[in-house]
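All remarks here apply to the structure that follows.
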Amino acid sequence: MAETIGSLADKLSIIQLKIYHMRQQVARTDVDETHKEASRAKVAVMETQRADLEEELTKLASDVAAGRVRLKIYRQFKMYNDPRYRSGALPV
């Protein structure tokens with residue numbers, strides 16, 4: 001499973017911000033109706049995406065709580081800013 005509760009929550013917050021700003025485009029008075037209609041269509045798509053993410057998050061949280069799914073912890077191994085990994089560095 002590639003998704004985590006945190007990654008889904010992150011995606012949900014991003015899509016909600018996009019919906020908010022696209023709704024502002026729909027409310028503008030200085031643009032033509034074509035722009036507003038295109039913005040409305042985008043809002044509709046993003047609302048579907050948000051609902052899908054909400055459903056996925058709810059199912060994942062439920063599965064974790066019930067013990068049906070066990071989340072993995074992925075460690076990050078960063079090489080930058082570590083002099084041991086620079087070219088010509090002595091082996092560790």
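Evaluation of residue 37 against the conditions (1) more than 16 Å from residue 5 (Cα to Cα); (2) surrounded by 14 or more Cβ atoms within 10 Å (Cβ to Cβ) shows that the sole unmet condition is (2).
Cβ-Cβ contacts under 9 Å between residues 6 or more apart (or on different chains), taken from a first residue in segment 69-82 that is within 21 Å of residue 6 (Cα to Cα) and in contact (Cβ under 8 Å) with a residue 60 or more places away in the chain to a second residue that is surrounded by fewer than 10 Cβ atoms within 10 Å (Cβ to Cβ) and aliphatic (A, V, I, L, M), are listed as 69/1; 71/1; 72/1.
Could you please let me know if residue 18 is basic (Lys, Arg), in a helix (DSSP H, G or I) and in contact (Cβ under 8 Å) with a residue 40 or more places away in the chain?
On the way: basic (Lys, Arg): yes; in a helix (DSSP H, G or I): yes; in contact (Cβ under 8 Å) with a residue 40 or more places away in the chain: no.
Criteria not met by residue 18.
Counting only residues that are closer than 27 Å to residue 17 by Cβ and surrounded by 11 or more Cβ atoms within 10 Å (Cβ to Cβ), which one in segment 64-92 is modelled with the lowest pLDDT? Give the steps one after another, and end with the answer.
From segment 64-92, those closer than 27 Å to residue 17 by Cβ are 64, 71, 74, 76; that's our starting set.
Among the residues that remain, those that are also surrounded by 11 or more Cβ atoms within 10 Å (Cβ to Cβ) are: 64, 71.
Values: 64: 94, 71: 86.
Among those residues, the one meeting the criterion is 71.
Within segment 48-61, the set of residues being within 14 Å of the chain's Cα centre (by Cα) and surrounded by 14 or more Cβ atoms within 10 Å (Cβ to Cβ) comprises 49, 50, 53, 56, 57.
The values are calculated or read from the model by the stated rules, or taken from the named source; none is laboratory data. Bear in mind the structure is a predicted one, so any value in this text is a computation, not a measurement. Methodologically, a virtual Cβ is constructed for each residue, glycine included, from the backbone with ideal geometry; neighbour enumeration extends over all protein chains shown.
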